[in-house]
Amino acid sequence: MRLRRPAVTAAASLFALFVAVGVTACGVSTTSVTEQEFANELAIPPLAKSDVEDGVRTFDLTARKGSTDFPGQDEPTETWGFNGAFLGPTLRAERGEKIAVDVENDLSEPTSVHWHGMHLPAEMDGGPHQMIEPGETWTPHWRIDQPAATLWYHPHPHGETESHVYKGLAGMVILDDDASAEADLPDEYGVDDLPLIVQDKKLSDGQLELTHDGAEPGMLGDTVMVNGTIGAVQEVSTEKVRLRLLNGSTARTYAFEFPDRSMDLIAGDGGFLAEPAKVNRLRLAPGERAEVVVDFTRGETVRMRSAEVDLGGVAVPTTMGGNDSFDVLEFRAADELKPSPGPAWQTSEHAEDDALDEAEVAKTRKFELEEREINGERMDMGRIDEVVQVGDTEVWEVRSNQPIPHSFHIHDVQFEVLDVDGEAPPVEMSGRKDTIYLEPNRDYRLLMRFEDFTNPHLPYMYHCHMLLHEDEGMMGQFVVIDPDQEDEVGVPPASEGGGHEH
Ligand code: C2O
Ligand code: CU
Ligand code: CU
């Protein structure tokens, strides 16, 4: 095996994990999270300002270095952020709108910005082929053409994604449509509709540290933060609050829950479920999002926590975060709470156009994850792995062959999980998804349609969203083409190191 980082084979490192566990007490976590004092007001990322001119809504994002004062640290921490010192503003737009983003790179190294979950042309996708050199500005533009959903943006430079995201480059995207506008749901941003970017970090001597210590999923930090706030507290003024949960961590999978109540799950990665579903616990792997509505009673204080997460038959859960349980966010309800609507919504007027039909499947592809490879290959910027015909509906059969956590993400589309080992998917996977946790040795069948945006030269990515794995090569590339573009398929040499769009 050709690992770029510690040169050990996965088999050898698994063996080492078994040995390591032999000397730790059974059931005791080796990755544990530090309990925090919950006393800091939850930061809410500002809504990004935009200008509308000639029917195009334009946002500005500047990736830059900064410094952040985290509680309990003796010195400011060097962090990266968009328009600020850490994380970025929330971009918000409506279905049908044309948008553009002026993305400026104020860092001293190249980066890129990918719109995770967005349906858009490959040249606007912000993957490793759309690098932005220091000092340059890249202005992708597209029309929002998908249902209301909670998406996010983050860098995607090949081999460096983990470190760029870890340092703080990430932000949320909220898309609205007719269904979300008319829904009976809490919708006051930052009040009863909360963006929650959950991440784990390691702070040592006040600075962010990115080390793996042989941990299979990647770095599991001991400090959990929400929107950059450690030990975060949110005041509640309404009976119900909508939480837009984003797992923006590089490797950790969470199992969110409340000690004493269920949550109404209303949306997955790609938008609303068919109807709200009660869940007690919600597993969220890196890259995944979910929206839930939670009920509060007046005067109470309660914490959302992450429980011991079921990673589904991984080799040594204690070394993969499987035994960690910790509080994430404290809610303090006011003595009087305003009544809240719903949760309820009508289907969108676009629902029929958006529907997927298994009877239309033109092609089935298989993807096997093993040894930081997909189908026996590591990511190669110059190689197109899959060629998709525009307009086609396809089934992708995805399977992880080793007892290691992975989360599988596909650019450009929102797919439906048809089944898992032949069984109907759990309710958490019942809406449209772009990222799923892969339990080892199970078959996931995903249904999707590649509606438009042909380009024989510029690929979209599919990859593991555990960012160490992605950086080490667990990624592949597909193009969407017209039938008459068959002969042109290939990445032009100029774009291999990253092309530029201005
Ligand atoms: Cu969130 Cu290809 O990434
Ligand atoms: Cu993506
Ligand atoms: Cu992985």
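The values are calculated or read from the model by the stated rules, or taken from the named source; none is laboratory data. The model shown is predicted, which means the values in this text are computed figures rather than measured ones. Here Cβ is always computed from backbone atoms with ideal geometry, including for glycine, and neighbour counts include all displayed protein chains. Areas reflect the complete protein model, heavy atoms only, side chains present, ligands, DNA and RNA absent. Shrake-Rupley method; radii C 1.70, N 1.55, O 1.52, S 1.80 Å.
Screening Gly72, Gly84 for residues that are part of a loop (DSSP other than H, G, I, E, B) and over 23 Å from the mean Cα position of the chain (by Cα) leaves exactly one candidate, Gly72.
Residue check: is Asp184 open to solvent by 10 Å² or more (accessible area, probe 1.4 Å) and touching an Asp or Glu at 6+ places or on another chain (Cβ under 6 Å)? So Asp184 does not fit the description; no.
Yes or no, residue by residue, for (1) in contact (Cβ under 8 Å) with a residue 60 or more places away in the chain; (2) open to solvent by 60 Å² or more (accessible area, probe 1.4 Å); (3) assigned by TED's automatic domain parsing to the domain that holds Phe453; (4) more than 16 Å from ligand 2 (Cβ to nearest atom):
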{"position": "Val52", "(1), (2), (3), (4)": "no, yes, no, yes"}
{"position": "Thr62", "(1), (2), (3), (4)": "no, no, no, yes"}
{"position": "Lys65", "(1), (2), (3), (4)": "no, yes, no, yes"}
{"position": "Asp74", "(1), (2), (3), (4)": "yes, yes, no, yes"}
{"position": "Leu87", "(1), (2), (3), (4)": "yes, no, no, yes"}
{"position": "Leu91", "(1), (2), (3), (4)": "yes, no, no, no"}
{"position": "Val101", "(1), (2), (3), (4)": "no, no, no, no"}
{"position": "Gly126", "(1), (2), (3), (4)": "no, no, no, no"}
{"position": "His129", "(1), (2), (3), (4)": "yes, no, no, no"}
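Across region 30-50, the number of residues qualifying as open to solvent by less than 70 Å² (accessible area, probe 1.4 Å) and under 22 Å from the mean Cα position of the chain (by Cα) comes to 7.
The set of residues in region 457-475 that are more than 13 Å from ligand 2 (Cβ to nearest atom), part of a loop (DSSP other than H, G, I, E, B) and open to solvent by less than 10 Å² (accessible area, probe 1.4 Å) comprises Met466, Glu472, Gly473, Met474. Within region 411-437, being open to solvent by 10 Å² or more (accessible area, probe 1.4 Å), assigned to a loop (DSSP other than H, G, I, E, B) and more than 16 Å from ligand 2 (Cβ to nearest atom) holds for Asp421, Gly422, Ala424, Pro425, Pro426, Ser430.
Condition check ((1) at pLDDT below 95; (2) open to solvent by 30 Å² or more (accessible area, probe 1.4 Å); (3) outside the structural domain of Ser32 (by TED's automatic domain parsing); (4) in contact with a strand residue (DSSP E or B) (Cβ under 6 Å, 6 or more places away or on another chain)) across all residues:
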| residue | (1), (2), (3), (4) |
| --- | --- |
| Ala334 | no, yes, no, yes |
| Thr347 | yes, yes, yes, no |
| Ile384 | no, yes, yes, yes |
| Thr393 | no, no, yes, yes |
| Val398 | no, no, yes, yes |
| His409 | no, no, yes, yes |
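The single condition from (1) in contact with a Ser or Thr (Cβ under 8 Å, 6 or more places away or on another chain); (2) in a strand (DSSP E or B); (3) within 30 Å of Thr211 (Cα to Cα) that Val398 fails is (1). Annotation: Thr454 fulfils all but one of (1) of a type in the set (Ser, Thr, Tyr); (2) open to solvent by 30 Å² or more (accessible area, probe 1.4 Å); (3) under 22 Å from Asn375 (Cα atoms); the unmet one is (3).
Of all residues in region 274-297, one or more are surrounded by fewer than 21 Cβ atoms within 10 Å (Cβ to Cβ), without any contact (Cβ under 8 Å) to a residue 24 or more places away in the chain, more than 16 Å from ligand 1 (Cβ to nearest atom) and acidic (Asp, Glu). Among the residues making up region 92-130, a single one is in a loop (DSSP other than H, G, I, E, B) and of a type in the set (Val, Ile, Thr): Val113.
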